Amino acid sequence: MSVYLDCNATTPVEPAVLEVMLRYLAEEYGNAGSRTHEFGVRAKQAVERAREQVAAVVAARRDDVIFTSGATESNNIALLGLAGHADSASRRHIVSTTIEHKAVLEPLEHLRTLGFDITLVALDSTGRIDAQAILAAVRSDTLLVSVMHANNETGIVQPIEVIAAGLPDEVWFHVDAAQTFGKLIDPLQNPRIDLISISAHKVYGPKGVGALISRRRLGNRPPMAPLMFGGGQERGVRPGTHPVHLIAGFGVAAQFALRDHAQRTATCLRFRDDAVTAVQQLGGQINGAEEHCLPHVLNVSLPGLNSEAAMVSLKGMLALSNGSACTSTSYEPSHVLVAMGLDQERIDSALRLSWCHATPAVDWQHVCQVLRRMM
């Protein structure tokens with residue numbers, strides 16, 4: 001059976017998460033907006049309990065949590081929702097980076113067509129953004145700085161704490177934390193981060209639910225306008241009937257992530273040691289600075305080996321990828337590896353391995369034998 005090594009695309013669902021989801025599908029199926037009977041009351045209680053569980057991971061308040069369909073929607077609300085405030089504040093400049101997920105880069109391009117000035121800060125082959133370059137790009141008319149916490153393709157963690165410490169009070173700070181929520185705890189508890197985008201399915205919860213954390217700072221929340229209309233749910237920012245089973249599952253996943261993150265990290269690091277040894281035996285190169293990489297991610301280039309051919313040869317042994325799942329239908333070079341300045345051969349041979357605490361052991365010697373025959 002193939003070993004799943006694509007956890008950056010989506011993680012397996014924890015059994016306890018599935019159990020609570022089934023209960024709110026089959027037994028407690030009320031609408032959280034129904035105030036007139038006990039089914040609705042219990043559904044609302046489940047939603048509010050999950051809100052507390054998600055908020056606890058980032059040391060936020062319960063009412064800071066806005067449930068969404070996932071980090072892509074959260075990113076769109078954070079970026080596009082602030083656009084209406086730009087004119088009244090005389091701030092139409094946004095700072096971000098060249099390695100953001102498409103769920104950030106594409107909304108930024110849309111804002112550019114509306115007359116916003118977008119600065120994308122570049123990086124080098126380490127895959128890590130220079131915090132001082134971000135801060136130097138901030139101007140008197142800057143509305144927002146948006147920087148991902150860790151890159152989904154390389155796993156390289158960005159210096160969000162340094163950026164947060166150096167930003168002027170009047171600039172809002174958004175972090176796409178899809179890859180780090182529940183995995184790197186302390187950095188996301190920084191109260192200077194105003195907006196955090198997260199997805200449940202990256203942290204052993206269900207697909208189709210996520211959240212936008214919107215913190216109060218200096219007495220005010222980021223002044224976001226809704227992108228959809230039709231109800232008062234989620235403080236009017238994100239209307240629609242709550243998917244109670246998904247939200248309840250997300251809450252349990254968040255609770256487990258906070259409780260077990262140290263143990264999970266240690267397990268992932270042990271797996272990483274074996275994977276790095278195998279890469280070294282093949283003469284491979286790790287893309288990005290190892291000292292800044294998440295414990296459960298490796299982006300590697302194997303000399304003389306096309307990544308597509310490698311994935312085909314390993315089918316049935318390893319399930320892995322060569323980039324973001326959100327752009328997997330495209331065979332264009334990774335915009336992240338291009339931004340890092342890697343040469344074409346290294347980009348073409350790049351593979352992403354991402355695992356979790358539940359990933360079984362891999363027969364790395366057999367994997368190396370298969371790949372050597374192709375090199």
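Derivation of every value follows stated rules applied to the coordinates shown; laboratory data play no part. The structure presented is a predicted model; accordingly, all values stated were derived computationally and were not measured. Virtual Cβ from ideal backbone geometry, glycine too; neighbours counted across all protein chains shown.
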Worksheet item: With axes computed from alpha carbons, what is the tilt in degrees of helix 15-26 against the longest principal axis of the chain, rounded to the nearest 10 within 0 to 90?
Response: 40 degrees
Worksheet item: Using a basic spin-label model with each label point 7 Å from the Cα along Cα→Cβ, how many nm lie between Glu332 and Arg235?
Response: 3.4 nm
Worksheet item: For the pair Ala89 and Met317, how long in nm is the line joining their label points, each one 7 Å along Cα→Cβ?
Response: 5.2 nm
Worksheet entry | Residues whose placed amide H lies under 5 Å from that of Ser321, excluding near-sequence neighbours | Arg352
Worksheet entry | Antiparallel DSSP beta bridges within the chain, as percent of all bridges there, nearest 5 | 55 percent
Practice prompt. Could you give log10 I(q)/I(0) at q = 0.11, 0.13 Å⁻¹ for the stretch 242-375, computed by the Debye formula over C-alpha point scatterers of equal weight, without solvent?
Written response: -0.47, -0.64
Discussion item. Just to confirm the number: angle between the C-alpha axis of helix 102-113 and the first principal axis of the chain, 0 to 90 degrees, nearest 10?
Written reply: 60 degrees
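I'd like to know how the stretch 15-255 sits against the 2.2 N^0.38 Å rule of thumb: what's its Cα Rg over that expected value?
On the way: Rg = 17.9 Å, N = 241, 2.2 N^0.38 = 17.7 Å.
So the stretch 15-255 has a normalised radius of gyration of 1.01.
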Fill in: On Cα atoms only, tilt of 38-57 relative to the major axis of the chain in degrees
50 degrees
Worksheet item: For Glu345 and Glu161, what is the calculated FRET efficiency with R₀ set at 30 Å and r taken between the beta-carbons, to the nearest 0.05?
Response: 0.25
Discussion item. For the stretch 41-132, what are Rg and Dmax over the alpha carbons, in angstrom?
Written reply: 16.9, 53
Item to complete: For the stretch 15-255, calculate the relative contact order in percent as a whole number, restricting contacts to Cα pairs under 8 Å that are 6 or more residues apart.
Response: 30 percent
Worksheet item: Under a no-solvent Debye model with one identical scatterer per Cα of the stretch 161-292, what's log10 I(q)/I(0) at q = 0.14, 0.21 Å⁻¹?
Response: -0.83, -1.31
Worksheet item: What nm distance separates the two modelled labels at Cys368 and Gln132, each placed 7 Å from Cα along Cα→Cβ?
Response: 4.1 nm
Worksheet item: Can you give the FRET efficiency for Arg270 and Gln45, using 1/(1 + (r/R0)^6), R0 = 25 Å, r = Cβ-Cβ distance, to the nearest 0.05?
Response: 0.05
Response to the item:
Cα-Cα longer than 22 Å, checked against Lys44/Lys202; Lys102/Lys315; Lys102/Lys202; Lys44/Lys102, kept in input order, equals Lys44/Lys202; Lys102/Lys315; Lys44/Lys102
Discussion item. When only alpha-carbon atoms are used, what values of Rg and Dmax, in angstrom, describe the stretch 1-92?
Written reply: 18.1, 58
